[in-house]
Amino acid sequence: MEEEFNALLDDIEELADEENYSEAIKLIDKAFAIADKEPLLFYDKCTLINNRGFYNYKLGNLKEALADVEKAIEESPDDDLPYYTKAEVLFEMKNYSGALNAINKAIEISPDSDKEDFRKLILEKI
């Protein structure tokens, strides 16, 4: 079961590199089905949920993307990645104040220049 799961993770990464996001999402869902049956399986659930959200974002499925990043935040509220993804999704939805709140939280957790640049872009829209 663990080998199959790890192979799925590798396939997901490869599909994402190829920008085949719809197939990557299908494999993420399959990975979650395996993980649900194998409670001792070790993996980064927050990142996997966030990645599904990011792939949905890239496909233009913004409501699904937002729901995923909210789940990722619930899973790991001290991780900056889902807040950054949430900011991207909200920015695309033209919810600039929400995007600003999300990017500010990401910066609070782990500041870096990419986040600061994105914050400036959001501020230009407000």
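The values are calculated or read from the model by the stated rules, or taken from the named source; none is laboratory data. Computed from a predicted model, the values in this text were never measured in an experiment. Positions of Cβ are generated from backbone atoms using ideal geometry, with glycine treated the same way; all protein chains shown enter the neighbour counts. Each accessible area value is taken on the protein alone, full model and side chains, heavy atoms only, with ligands, DNA and RNA left out. Shrake-Rupley method; radii C 1.70, N 1.55, O 1.52, S 1.80 Å.
Rounded to two decimals, the Cα radius of gyration of region 1-73 over 2.2 N^0.38 Å is 1.05.
Using DSSP to call loops (not H, G, I, E or B), can you name the trypsin sites (Lys or Arg not before Pro) in region 27-126 whose Cβ has at most 13 other Cβ atoms within 10 angstrom?
Numbers: sites: K30, K37, K45, R52, K58, K63, K71, K86, K94, K105, K115, R119, K120, K125; in loops: K94.
Those that pass, being in a loop and sparsely packed, are K94.
Heavy-atom accessible area, probed at 1.4 angstrom with all protein chains present, ranks F32, F5, F54 as F54, F32, F5, highest first. Could you pull out every one of the lysines with an alpha carbon less than 22 Å from that of K125, ignoring same-chain neighbours closer than 8 positions? Partners within reach: K58, K63, K86, K94, K105, K115. Considering only GluC sites (Glu not before Pro) in DSSP loops that have at most 15 other Cβ atoms within 10 Å, the longest stretch of the chain without any of them is 20-126.
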